[in-house]
Ligand code: SF4
Ligand code: SF4
């Protein structure tokens with residue numbers, strides 16, 4: 001619920017000068033949105049916090065702003081496609097508008113965004129439109145879907161405005177049948193069948209067993225794919241794209257687990273690690289997918305979780321665990337790919353032959369593991385990847401800029417699966433330029449979407465003569481495998 005108030009009325013009610021109220025509003029201490037007639041709109045919870053701070057009984061006759069109710073009614077009407085129900089309490093545009101109201105229109109966000117100017121997209125414009133209450137128009141245009149949710153804009157924002165949250169909130173309010181089809185289909189299929197591509201359980205298990213047998217015959221004697229092993233230390237999720245089209249990619253990790261003598265397992269049910277509810281702004285779907293992982297952890301009594309799919313899978317799952325299942329994080333540990341590889345290396349569980357990798361190699365920082373994890377969880381994975389690279393290769397270079405200032409490859413935020421291929425390619429020009437200038441021959445990534453974009457789009461469109469490898473592929477190729485029976 002939101003209220004319409006005047007500065008002088010609030011000043012009188014709380015016994016402070018009008019300028020004090022204005023200062024609170026300008027600094028964000030009191031989140032408020034400008035409204036016609038020298039009025040402001042404030043949320044009920046912010047008004048109640050103010051009352052509590054001044055020990056005042058809240059008024060019950062403040063005017064309620066009718067447009068907000070109208071907006072919500074329209075949004076509810078637009079989000080009726082079953083079985084997905086958007087949670088308008090947690091995905092509320094008004095929350096984003098409150099942040100937007102402190103925008104100084106400095107333009108730093110627009111300068112930082114590689115997509116500024118494409119089809120009129122400009123993060124500053126989006127923030128201003130949200131602040132001015134032109135949310136409906138924003139919901140119906142494609143800007144929030146062309147944005148990769150990379151966070152480079154908000155990293156440069158002096159007012160710390162949460163632009164990524166605003167973009168995701170706009171996605172959340174889009175009518176479900178107007179969400180880019182591949183993304184919505186992935187979410188719906190995952191909710192109905194347990195994975196984004198609807199792979200049947202029997203086919204999945206058969207493939208995993210066959211691949212395990214092949215690995216045992218070629219390089220890891222005695223290996224058998226561990227499925228539903230109760231009490232295994234580590235639960236590993238799977239990106240449905242791998243069993244569907246790139247099954248060999250799974251075995252990079254399997255070789256590492258074999259070498260490290262890890263106790264690990266894959267669940268036969270709800271094994272999907274990617275979470276496209278994060279992309280579509282559908283918090284209910286996102287929560288369900290995270291909850292399935294929690295259920296698998298409990299059912300199989302595992303102590304640690306690894307999501308090797310993609311940067312967004314780690315970010316979305318960790319965010320979902322912290323938001324909806326914080327008690328589960330007391331029961332088990334969540335590893336990023338960097339944490340686990342580094343743990344194996346520092347505990348001398350792997351023997352690495354650096355001579356395998358001789359080409360000039362560089363690391364592409366993932367937005368989700370890096371900049372966004374830094375902001376959301378207080379730690380960005382920058383140095384860990386570089387330590388792993390140094391362990392495996394002697395010939396290393398850097399992309400400039402890097403770490404939290406790095407450019408997104410252009411495929412984040414679900415962009416790899418949307419129909420906006422031209423925009424995605426244009427977005428990636430900065431990444432292509434960075435790679436060309438570095439003269440790197442191998443680009444190492446930690447995310448499936450980054451790999452696809454670099455290998456299948458940027459290398460072709462910008463004539464990059466590069467190999468693209470996962471960081472676990474780099475480690476796996478340099479392994480000296482133990483001799484087991
Ligand atoms: S960087 Fe922040 S304050 Fe500056 S225009 Fe963008 S959103 Fe507004
Ligand atoms: S693409 Fe990245 S920099 Fe541009 S608006 Fe989206 S999050 Fe911000």
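Here are the numbers:
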{"item": "Rh by Kirkwood over Cα pairs, then Stokes-Einstein D for segment 354-478 at 1.306 mPa s and 10 °C, µm²/s", "result": "109 µm²/s"}
{"item": "Relative contact order (%) - the chain, alpha-carbon pairs under 8 angstrom, separation at least six", "result": "14 percent"}
{"item": "Highest to lowest packing among 149-157, 212-220, scored as the average C-beta count within 10 Å", "result": "149-157, 212-220"}
{"item": "Potential lengthening between residue 355 and residue 477 on full extension [0.36 nm per residue; Cα-Cα distance subtracted]", "result": "42.9 nm"}
{"item": "On Cα atoms only, tilt of 163-172 relative to the major axis of the chain in degrees", "result": "90 degrees"}
{"item": "Segment 298-331-segment 348-364 distance, computed between alpha-carbon centres (Å)", "result": "29 Å"}
{"item": "Rounded FRET efficiency, nearest 0.05, which uses the C-beta distance separating residue 463 from residue 51 and R0 of 45 Å", "result": "0.10"}
{"item": "For peptides 359-365, 449-455, sequence by mean Cβ density within 10 Å, most packed first", "result": "449-455, 359-365"}
{"item": "Dimensionless Rg ratio for segment 307-352, taking C-alpha atoms and the 2.2 N^0.38 Å reference", "result": "1.36"}
{"item": "Between 0 and 90°, nearest 10: helix 201-218 axis offset from the chain longest Cα axis", "result": "40 degrees"}
{"item": "Convex hull volume of segment 182-265 per residue (C-alpha atoms, cubic angstrom)", "result": "100 Å³"}
{"item": "Net length gained if the chain between residue 300 and residue 437 were fully extended (0.36 nm per residue, minus Cα distance)", "result": "44.5 nm"}
{"item": "Extension gain, residue 125 back to residue 390 (0.36 nm per residue minus Cα-Cα distance, nm)", "result": "91.2 nm"}
{"item": "Cα-projected label distance for residue 203 with residue 329, points at 7 Å along beta-carbon direction, nm", "result": "3.6 nm"}
{"item": "Cα long-axis angle, helix 66-78 against the chain (0 to 90 degrees, to the nearest 10)", "result": "30 degrees"}
{"item": "Estimated distance in nm for a label pair at residue 400 and residue 268, the labels positioned 7 Å out from Cα along Cα-to-Cβ", "result": "5.6 nm"}
{"item": "Per-peptide average of other Cβ atoms within 10 Å, ordering 46-54, 386-394, 328-336 highest first", "result": "386-394, 328-336, 46-54"}
{"item": "Computed P(r) (all Cα pairs; segment 268-329; 5 Å bins; percent)", "result": "4, 19, 33, 28, 13, 3, 0"}
{"item": "Alpha-carbon gyration tensor eigenvalues x 5, square-rooted, for the chain, Å", "result": "44, 25, 21"}
{"item": "Spin-label model distance (nm) - residue 9 vs residue 343, 7 Å beyond Cα toward Cβ", "result": "5.6 nm"}
{"item": "Ellipsoid equivalent to segment 184-335 - semi-axes via the Cα gyration tensor, in Å", "result": "25, 18, 12"}
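Read-outs: derived from the displayed coordinates by stated rules, not from any lab. All figures in this text were calculated on a predicted structure; none of them were measured in a lab. Ideal geometry is used to build each Cβ from the backbone, glycine not excepted, and the neighbour counts take in all protein chains shown.
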